[in-house]
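Undergrad: Once you've had a glance at the structure underneath, I'll fire off some questions.
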Amino acid sequence: MKLSVKSKVWLEIEGKPFFGEGRKRLLQEIEKTGSISSAASKLGITYRRAWSYIKSMEERSGLKLVEKTKGGAGYGGTTLTKDGRKLIDYYEAISKGIRDEVDKKFKKFKFSYR
């Protein structure tokens with residue numbers, strides 16, 4: 001049996017969860033598809049829930065993370081702002097650093113079991 005250690009990283013504002021892996025994936029899908037609806041569908045959540053996550057992140061952080069473009073059917077869209085991209089990059093850097101440290105620490109420990 002192979003034993004491994006896993007960690008989960010999220011960002012908090014004033015002690016309350018604000019941004020983690022799921023919301024990162026939502027912003028990445030919006031960036032990729034140009035659509036909140038398409039991103040939500042790909043992630044298996046409703047448009048309403050996706051929009052709720054975005055509004056919550058924006059209100060709590062004071063950052064504008066996405067920019068919606070109005071248009072007729074097939075002409076509207078959503079793009080990630082520079083702050084949205086920076087948040088993803090920051091989260092990924094922090095997550096990678098923590099995962100690397102966990103991996104490094106775990107390699108030092110020998111665990112025996114029967």
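Undergrad: Pick from segment 1-26 the residues that are touching a strand residue (DSSP E or B) at 6+ places or on another chain (Cβ under 6 Å) and surrounded by 12 or more Cβ atoms within 10 Å (Cβ to Cβ): which of them is nearest to Lys108 (Cα to Cα)? Step through it out loud before you land on a result.
TA: The first filter runs over segment 1-26 and keeps only residues touching a strand residue (DSSP E or B) at 6+ places or on another chain (Cβ under 6 Å), leaving 10-12, 18-19.
Within this subset, residues satisfying the condition of being surrounded by 12 or more Cβ atoms within 10 Å (Cβ to Cβ) are 10-11, 18-19.
Working: Trp10: 25, Leu11: 27, Phe18: 32, Phe19: 31 Å.
Taking the candidates together, the pick is Trp10.
Undergrad: State which residue is nearest to Glu31 (Cα to Cα) when the search covers only segment 51-95 and only residues that are modelled with pLDDT under 95 and among the charged types (D, E, K, R).
TA: Lys68
Undergrad: Go through segment 1-56 residue by residue and tally those that are assigned to a loop (DSSP other than H, G, I, E, B) and polar (S, T, N, Q). Outline the logic, then answer.
TA: Initially, segment 1-56 is screened for residues assigned to a loop (DSSP other than H, G, I, E, B), giving 1-10, 14-15, 20, 34-35, 44-46.
Going one step further and asking which of them are polar (S, T, N, Q), we end up with 4, 7, 35, 46.
Within segment 1-56, residues that are assigned to a loop (DSSP other than H, G, I, E, B) and polar (S, T, N, Q) number 4.
Undergrad: Please go through segment 30-48 and pick out each residue that is closer than 20 Å to Thr81 by Cβ and polar (S, T, N, Q).
TA: Hits for segment 30-48 are Thr33, Ser35, Ser37, Ser38.
The values are calculated or read from the model by the stated rules, or taken from the named source; none is laboratory data. Computed from a prediction, not measured in an experiment: that's the story for all the values here. Cβ atoms come from the backbone with ideal geometry, glycine included; neighbour counts cover every protein chain shown.
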